[in-house]
Each structure stands twice: as structure tokens, then as C-alpha cells.
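The values are calculated or read from the model by the stated rules, or taken from the named source; none is laboratory data. This structure is a prediction, so every number in the text was calculated from the model and none was measured. Cβ placement follows ideal geometry from the backbone for every residue including glycine, while neighbour counts extend to all protein chains displayed. The protein model used for the area step is the full one, side chains on, heavy atoms only, and it has no ligands, DNA or RNA in it. Shrake-Rupley method; radii C 1.70, N 1.55, O 1.52, S 1.80 Å.
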Amino acid sequence: MAPIRLGRAVTRNTLIPRGTMTQPPRDPERSANAESVIEHYGAAPLTVRINDALKRAGLGEGVVPWQELAALDQFHVRGLTASRELADAMKLAPSASILDVGCGIGGSSRFLAATYDANVTGIDLTPSFIEAAIMLSERAGLANVTHFAVADAVDLPYDDMSFDHAWTQHVAMNIHDRRGLYNEMHRVIKPGGLFAIHDIVEGDGGAIQFPVPWARDQTTSHLLSSDAMREALKH
């Protein structure tokens, strides 16, 4: 799949078989930039603003089909189209358990649950995102197959080999401890599982001009080149 270029930033889709990821010793420390990431994304009261937007769109009452939320809850380049391409490449079996890392307000979690009969657990650092994700899954009638929790991707609250697969879209560029992230993915994915990545990587288009959608400044922007990301996944 061809990359999409955004100045110096480039988006790429990647599927990493669990068996190709080695597992270094775990780093027990919380990601140093976690609070800055929460501050960047954590506008409140988010659920109130989402409900107001749904009312203005004529969706104020009753069940809201997940497809109607796609313009609102797909926080990544190319939106639902990119999610569908990544999921199709995984060739998911029915009832697969998937960890959606950096789930935001749960759009990809709902898409995976509704389209591929998956059981999805979404985690995000930002409490207001998780509150909104729970509310929207309830409105979409998917609360029984999508579950959400506030958690740090480099220190997950799950046992080893808890999920068939893991999934992340436009998340790693905010994480300084990239090897800590990939270590946790290796730990919680079952043998034979996949780690699906749709992320922004460093390109060759010159210096990034801040602010950008994922960061106000360099403090919370941690892009790697494609080659550096592959190396981090190996170690």
C-alpha cells in the first residue's frame, strides 16, 4: 500500500506477526510524556459536545448505527477506508479478540466489532475519550462487544497472551518509549497473532511545522523513520 505524505510525515500500514517481534526486558516506568499527551487530547466536556453534534445531525435519540459515526470517530488519515484496508489484510476470524491501542473515542473498535464479529478492547490515556467511547458504543448497540479502559500503552493492565491480535492507528507518534510500546504488544498478543499498524512516520519533506494534529510542539511528537520503526519492532 502506497504511503501518504504529509510534509515530513508519512502514513504507513504494516502487519507484524507476533513471532517476528523479540521481547526485551519490560520497563516498569510510565511513559515520560503521558501527561502531556493527555493534556493535548483531553478537551472536556467531550460527551456533551458529541451529543450536541448528534442532535444537530438528527441523531439525538435512539440507536445510532456505527456507520453514521464514521465522520466523527475515525481520527486518522483516510478515515474508515484506511481502517477497512488494514482489517481486510488481517483476514480476521470470527470472534477474534483484539486490543485497540490508543482507541480514541472508539471508532475503530466499533468498526471491527460490527464488521468482523470481533470482541474488541480499546485503551486510551485520555479519560474523556474513554467516556465518549463507552457512550457511543452504547448508542450504537455495541456495548456487549466493545470494552474500554483508561490505560497506558507501555504499561498495560492485561495478562500475557490476552488477545488474538493488537491494532493501533496514529498512536505511536505520541509515544517516546517506542520499544516499551512494542514490548507490551508482544507480551499481550497470543502466539500466531498479528500487530496491525497504521501510523505516521518521519518522511523526507523537511522539518515539521507545529502545531500538527497530534502535537502542539516537539514535546509530544516522537516520529520515527520507517527503518527506525522496523528496528524498534525487532528489539
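Run the reach check for LYS91 against lysines, Cα to Cα strictly under 28 Å, same-chain hits fewer than 8 apart removed. What comes back?
List returned: LYS190, LYS234.
For the range 99-173, calculate the relative contact order in percent as a whole number, restricting contacts to Cα pairs under 8 Å that are 6 or more residues apart.
Normalised by residue count, the contact order of the range 99-173 is 39 percent.
When only DSSP loop residues count, what trypsin sites (Lys or Arg not before Pro) in the range 40-127 have their Cβ near at most 12 other Cβ atoms within 10 Å?
Passing sites in the range 40-127 are LYS91.
Could you tell me what percent of the accessible area of the range 82-208 is made up of carbon and sulfur, with a 1.4 Å probe and every protein chain present?
51 percent
Collect residues whose amide H, placed 1.01 Å from N in the peptide plane, falls under 5 Å from the amide H of HIS147; neighbours closer than 5 in sequence don't count.
Sorted by chain and number, the residues that satisfy this are VAL120, THR121, GLY122.
Applying a 10 Å radius around every beta-carbon, put 189-199, 175-185 in order of their mean neighbour count, most first.
Highest mean packing first, the order is 175-185, 189-199.
Hey, rough spin-label estimate for ASP160 and ALA89, points 7 angstrom out along Cα→Cβ, what's it come to in nanometres?
2.9 nm
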